[in-house]
1. I want to confirm something. Restricting to segment 1-15 and keeping residues that are touching a helix residue (DSSP H, G or I) at 6+ places or on another chain (Cβ under 8 Å) and farther than 17 Å from Arg62 by Cα, which single residue is surrounded by the most Cβ atoms within 10 Å (Cβ to Cβ)?
2. Is it fair to say Arg123 is modelled with pLDDT of 75 or more, within 25 Å of the chain's Cα centre (by Cα) and not in a loop (DSSP other than H, G, I, E, B)?
Amino acid sequence: MTPLERAIQIAGGVSALAGALGVAQSAPSMWKARGRVPAEYCPGIEHFTRKRGEPVTCEQLRPDIPWGVLRDQPTSTPILPPPTPDTPPPEQGVQARMPEKRSGGDRRERERRSEERRKGARRAHEAAVHAGEGA
């Protein structure tokens with residue numbers, strides 16, 4: 001059993017691990033198929049599994065990365081200019097970079113527009129056929 005498979009088992013399934021990491025449900029399965037977990041998710045997997053009492057370490061997930069060196073680095077807070085009243089807060093984490101999910105209303109609007117385009121094309125074809133210009 002690979003370290004990722006062990007993490008999935010500890011989590012209680014692919015969905016549970018994906019939810020804990022804030023990634024799409026298909027992501028852990030893709031990592032498993034590729035045989036490689038993206039390095040940025042290794043600390044999250046280690047933290048999640050450690051909380052459950054069965055840690056799967058970054059070193060186990062990605063032995064090609066010098067995690068010991070990275071662990072010894074002091075954590076630092078990025079230096080940012082002081083915010084002004086009209087400055088939005090800085091983006092933080094993976095979720096900040098992820099686009100918002102579309103609501104069902106957006107999907108219905110896209111379907112409505114698509115149907116309108118189909119109707120318009122159908123009308124144009126019928127007009128052309130009626131006028132004797134089309135097939």
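The values are calculated or read from the model by the stated rules, or taken from the named source; none is laboratory data. Just so you know, these numbers come straight off a predicted model, no measurement behind them. Please note: Cβ atoms are built from the backbone with ideal geometry, for glycine as well, and neighbour counts cover all protein chains shown.
1. Result: Ala11.
2. no
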